[in-house]
Amino acid sequence: MSSIIGIDLGTTNSAVGVWRDGQSVLIPNALGHVLTPSCVSIDDDGSVLTGRAAHDRVHTHPRLSTSSFKRYMGTDREVRLGSRTFRPEELSAFVLKSLKADAEAFLGAEVRDAVIAVPAYFSDAQRKATRIAGELAGLNVRRLINEPTAAALSYGVHLGDRESKFLIFDLGGGTFDVSVLDFFEGVMEVRASTGDNFLGGDDFTEALAQSLCRRNHLSMSTLSPTAAQRLNQLAERAKRQLTQNSGEAIAMTLTVEDKPYTMEIDAAEAERLFESLLQRLRKPVERALRDARIPVDSLDEIILVGGATRMPVVRKLVSKMFGRLPAVHLNPDEVVALGAAVQAGLVAQDAGLEELVLTDVAPYSLGIDTSVQVGQNDFVPGHFLPIIERNTIVPVSRVRRVFTVRDQQDVVIIRVFQGEARLTRDNVSLGEFRLEVPRKPAGQAGADVRFTYDVSGVLEVQATAIPDGGTRSIVIEENPGVLSPDEVRERMAALADIKIHPRERMENRALLARADRIYEELLGESRMFLANHIARFQALLERQDAQEIAHAHKELSSLLDSFDAQQTY
Ligand code: ADP
Ligand code: MG
């Protein structure tokens, strides 16, 4: 019987596991890592790269590389890479394809079936898009599983025979998800799901970077792209060092135009620096418990998920908030894939765990485009005015009043958007219509805009002119971004002629991408020195002598390690 694989298709990192000999096993990628960065890049020869190599190229080749596309699943938003554009399902499919290839190399057999984890708050459209991504990758998606449910399975929560309630605290790279789950009589129910779509480990990195700049009177916005990227890497490394050691201060040095800018920071200072981010973690937790109507002390377990929960400051906050230690004996960035593999094992035995999905919240904020006043008669359009905020319990109806900005203005255009960004151009457009309003001095006419959102995801937007006048409305069905079966077939055919970078060459390709990235950061002598090494390595690759290549790989890799370790480039 062929195996079913379990996949964590993360915003920052993805992972794949399989159920074997009574336990979940994570599968390493071509580089031997169990985490594969969810990045896609088009290589110089037009082939698609994923994972580490693509991640390094996000910096060196921003126009050919992309990340965080999970945020756009279920929408029509396309990303241009070189001469082609890709839908979020297609980008996800590239990552899934590489995980599938890793699993096949590991298992020595073709893999066709998969269980894929999705955030508990994913809407129907986002779930459909995830299934389509699987299909595009040549996978038969047997099940989707909620990420918090998967995390719970990895901890064996389903093995107990009494009711249990627990909270999943998931802090990833750029997202924070809190879920309260209830396991009862073989069914896992998501009782509440809250979070912050724009808060994650990367914000802690950013805080460190900003602090270095502040202390050195450097303006972050004037740094060159390479210096900014170097600073980001420096901060990421510092953040991880703070996770590793508890005692001594760690040092960061950024060199800009031959001038070093340094900063030392110890755990206590870091905690102060992170204070406002840590504070932001509290609200969603409180809200999740309130929504689930479960008091803290009746929770059986707190489970940490997401790489950023490795940070001691985060663990400390969680312990303080709950008055006890969270479950941490598994790696937090691996538990979703481990749990997806548990579910895959259960599905293979026809015993898949049942889930009750929570669908009665609005997954995104919904609102309209407005102008913001910046001077006496000066208005800037393009600003998002949320009317129904995300995580509002549905059905819901809310109204906001908007005013004309010009004298004698006789029409307002109601443009409807979904998303969390401040500027509407960064959100997803759902539709628009015009409403005639009485001609009056600016600010004395306008419209009452009512949003009504129901359980099936249908949004009705109604605008009524003020002080008097007509009413117009539109109805927006959910799933603006779901491909039809015909479109899926079309996309599949189009993807068929895209070359995927061969897995067996991934290790060398990733090394070159890393070398390129470091080359861009170096200056002077060391730069030339590295360039020579890269050129020699490339020449060897062309000669295809496996032994020589392996030797040179080691050499170049330790050279790069030494540059990385010096941290002063
Ligand atoms: P996602 O669920 O968003 O795909 P992950 O769960 O893999 O992402 O989390 C990625 C985040 O975890 C990144 O911000 C990364 O910096 C952070 N992270 C990973 N390891 C550590 C560590 N040792 N110390 C601090 N942060 C870490
Ligand atoms: Mg995750």
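FYI, it's all coordinate maths here, none of it is from the lab. Please read these numbers as outputs of a predicted model, since none were measured by experiment. As a convention, Cβ positions derive from the backbone with ideal geometry for all residues, glycine included, and neighbour counts pool all protein chains shown.
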Which residues in segment 308-342 place their backbone N less than 12 Å from a point set 7 Å from the Cα of VAL296 along the Cα-to-Cβ direction?
317-325
Find the all-direction average of the projected area of the Cα convex hull for the chain, expressing the result in square nanometres with one decimal place.
29.3 nm²
Extent of segment 95-200 along each principal axis, from alpha carbon coordinates, in Å, largest to smallest?
39, 36, 23
If you stretched the chain out fully between GLN373 and ASN532, how much longer would it get, using 0.36 nm times the residue separation minus the C-alpha to C-alpha distance?
51.6 nm
Going fewest to most other Cβ atoms within 10 Å around each Cβ, THR85, THR12, THR392, THR253 line up as THR85, THR253, THR392, THR12
Give me the extension gain from SER484 to ASP426: residue separation times 0.36 nm, minus the current Cα-Cα distance, reported in nm with one decimal.
18.4 nm
Using alpha carbon centroids, what distance separates segment 383-426 and segment 18-55, in Å?
40 Å
Could you work out the per residue convex hull volume over the alpha carbons of segment 503-566, in cubic angstrom?
72 Å³
According to a simple spin-label model (label point 7 Å from Cα along Cα-to-Cβ), what is the distance in nm between ASN216 and GLN244?
2.1 nm
Of the listed pairs LYS97/LYS499; LYS128/LYS499; LYS97/LYS128; LYS70/LYS128; LYS259/LYS554; LYS100/LYS239, which have alpha-carbon separations greater than 23 Å here?
LYS128/LYS499; LYS259/LYS554; LYS100/LYS239
Cα centre as origin, Lys/Arg/Asp/Glu Cβ charges: the chain dipole, Debye
980 debye
May I ask you to sort LYS259, LYS239, LYS283, LYS440 by Cβ crowding, counting other Cβ atoms within 10 Å and putting the fewest first?
LYS259, LYS283, LYS440, LYS239
With each label point set 7 Å from Cα along the Cα-Cβ vector, what nm distance links HIS553 and ARG434?
6.4 nm
Packing-wise, with mean Cβ within 10 Å as the measure, how do 330-336, 294-300 rank, highest first?
330-336, 294-300
Place +1 on the Cβ of every Lys and Arg and -1 on the Cβ of every Asp and Glu in segment 144-303, take the dipole about the Cα centre, and give the residue among ILE303, SER179, ALA228 whose Cα lies farthest towards its positive end.
ALA228
Work out the P(r) tail for segment 366-469: percent of alpha carbon pairs separated by more than 20 Å, whole number.
39 percent
Only helices counted: for the chain, with every DSSP H run of 4 or more residues adding -39500 (n - 2.57) and the sum spread over all residues, [θ] at 222 nm is -11500 deg cm²/dmol
What spacing in nm lies between the two simple spin-label points modelled at THR226 and SER319, each 7 Å away from Cα in the Cβ direction?
4.4 nm
For LYS320, counting only lysines whose alpha-carbon sits under 20 Å away and dropping same-chain residues fewer than eight positions off, the answer is LYS165, LYS283
